[in-house]
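The values are calculated or read from the model by the stated rules, or taken from the named source; none is laboratory data. The shown structure was predicted, so the numbers you read here are calculated from the model rather than taken from an experiment. Every residue, glycine as well, gets a Cβ built from its backbone with ideal geometry; the counts of neighbours run over all protein chains shown. Quick note on the areas: whole protein, heavy atoms, side chains included, nothing else; ligands and nucleic acids left out. Shrake-Rupley method; radii C 1.70, N 1.55, O 1.52, S 1.80 Å.
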Amino acid sequence: MTTLIIYAHSNKDSLNHAILENVMKGLKEAKRKFELIDLYAEKFDPVLVIDKQHKPSDLIHDPYTEKYRKKIEQADQLIFIYPIWWYGVPAILKGFFDRVFVSGFAYQHKGKFPKGLLKNKSAWVIYTIDAPSLFIRLFRKNVEWIVVRDYILKFCGIKNIKRTRLTFVKHSTYKSRQKWLQKIYQLAKVI
């Protein structure tokens, strides 16, 4: 099994970066093959251009995103690691979805309904958020999760999707963060 990690955080001193390190450590220990796409380190251009020269139907042939499509094709499992900002993924990750998960690659339209093309893949989504769990569930209705799970990953054919959500991060203690990181490390060994 090959795993592709898609990481979206710019700060190497962040909790997200510690999560990334623990995921990679767990995968290495389990002797799992993996590759990393660090969107900020690669300076991924998230800007989707649609105009007379750039049509949506041509996105599948974009040479800039070809290497990312190939990496996704070769992976059995996708792991996404990112913070939630404004109840959504960071702009760089949203741009990655916009530019890489395109029609003809990640989905296609058959008749009236779209069909996901990334069927034989699983996903593990790990994200941090400053709000408390109860607030997210009751007042925000898990919107940050539903969009990624249902309207991106499931839409593209990925059915086996797991989530690890770390909440109330701003008010977490060093001890609680260490517990989270240990849990993620253990999960990475068996996922």
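Odds and ends about this structure:
- Segment K189..K43, full-extension length gain: 49.6 nm, with 0.36 nm per residue of separation and the alpha-carbon distance subtracted.
- Comparing Cα centroids, region 119-170 and region 16-67 end up 19 angstrom apart.
- Net lengthening on full extension, S103/K162 (0.36 nm per residue, minus Cα-Cα): 18.8 nm
- Estimated from helical segments only, the mean residue ellipticity of the chain at 222 nm is -10500 deg cm²/dmol, where each DSSP H run of four or more residues counts as -39500 (n - 2.57).
- All-pairs Cα distance distribution in the chain, expressed in whole percent, bin size 10 Å: 9, 35, 37, 16, 3, 0
- Taking the protein heavy atoms of region 1-148 in the context of the full set of protein chains, the accessible area attributed to carbon and sulfur is 56 percent at 1.4 Å.
- Cβ-based charge dipole, the chain, positive-most Cα from G104, Y185, P83: Y185
- Under 12 Å, Cβ to Cβ, from N22 - net charge with Lys/Arg +1 and Asp/Glu -1: +4
- Of all DSSP-defined beta bridges confined to the chain, some 15% are antiparallel rather than parallel.
- Gaussian network model of the chain, springs between alpha carbon atoms under 10 Å - residue of A91, A106, A123 with greatest fluctuation: A91
- Within-13-Å neighbourhood charge of G95 [Cβ basis; K, R +1; D, E -1]: -1
- Two-site label geometry, K67 and K119: point separation in nm, points 7 Å out along Cα→Cβ: 3.1
- Filter on K115/K141; K43/K71; K121/K162 - keep pairs with C-alpha separation over 21 Å: K115/K141
- Probe 1.4 Å, protein heavy atoms only - accessible area per residue of region 75-152 in square angstrom: 48
- Per-pair calculated FRET efficiency, R0 = 45 Å: K179 and I60 via Cβ, rounded to 0.05: 0.55
- Calculated FRET efficiency for the pair D76/K154, C-beta based, R₀ 30 Å, to 0.05: 0.95
- Charge dipole of region 141-189 (Cα centre as origin; +1 on each Lys and Arg Cβ, -1 on each Asp and Glu Cβ, all else neutral): 220 debye, rounded to the nearest 20.
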